[in-house]
Amino acid sequence: MERKLTCIICPLGCELTVQVEDKKVLDIKGNTCPRGKVYAESECINPQRTITSTVRCNDGGLVAVKTDKPIPKDKMTECMAVINKAVATLPVSIGDVIVEDVFGSNIVATQNRK
Ligand code: SF4
């Protein structure tokens, strides 16, 4: 099976053509650098995403958060359900873990809140 992808690793956005059979990458064309090959293999075999969102705080406001590592793309909905149920206790500093071990990633604050 042939898949067409746009590499999202840098702003050049190379158009990649990937031959995939039985979850194995047989050939990659269109990448200008080796990072495109790594991206195409990951995207075809085990696609992952970093999630950015907000978590409710105990004062009723919000704090910006993200996963500290990419998680499997097919777990994004379940991860968002965890994020939506979480409540951060203020004060919160950048890098504080708000929720531990969500599909192998921690949900961490990306802003300071008092
Ligand atoms: S293949 Fe390399 S040069 Fe092309 S978009 Fe990806 S990272 Fe950038």
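Each value in this text was obtained by applying a stated rule to the coordinates, not by laboratory testing. In this text, all values refer to a predicted model and were calculated from it rather than measured experimentally. Positions of Cβ are generated from backbone atoms using ideal geometry, with glycine treated the same way; all protein chains shown enter the neighbour counts.
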Task: Kirkwood-Stokes translational diffusion coefficient of the chain, alpha-carbon pairs, 20 °C, 1.002 mPa s, µm²/s - done: 136
TODO: Could you give the C-alpha radius of gyration of the range 2-46 expressed as a fraction of 2.2 N^0.38 Å, taking N as the number of residues it contains?
DONE: 1.01
Task: Approximate spin-label separation Ile45-Asp101, in nm, with each point projected 7 Å along Cα-to-Cβ - done: 2.7
Task: Beta bridges by DSSP in the chain, antiparallel share as percent, to the nearest 5 - done: 90
Task: Extension gain, Lys114 back to Leu90 (0.36 nm per residue minus Cα-Cα distance, nm) - done: 8.1 nm
- [ ] Compute the acute angle (0 to 90°) between the alpha-carbon long axis of helix 76-85 and the principal axis of greatest extent of the alpha-carbon atoms of the chain; round to the nearest 10°.
- [x] 0
- [ ] Working from Cα positions, state the angle (0 to 90°, nearest 10) between the long axis of helix 34-45 and the longest principal axis of the chain.
- [x] 80
- [ ] Would you work out the charge dipole size for the chain about its Cα centre, treating the Cβ of every Lys and Arg as +1 and the Cβ of every Asp and Glu as -1, and quote it to the nearest 20 debye?
- [x] 240
Task: Dipole axis of the chain (+1 Lys, Arg; -1 Asp, Glu on Cβ), positive-most option in Val63, Leu26, Gly36 - done: Val63
Task: Spatially near lysine pairs across the chain, Cα under 27 Å, sequence gap of 8 or more or different chains - done: 29
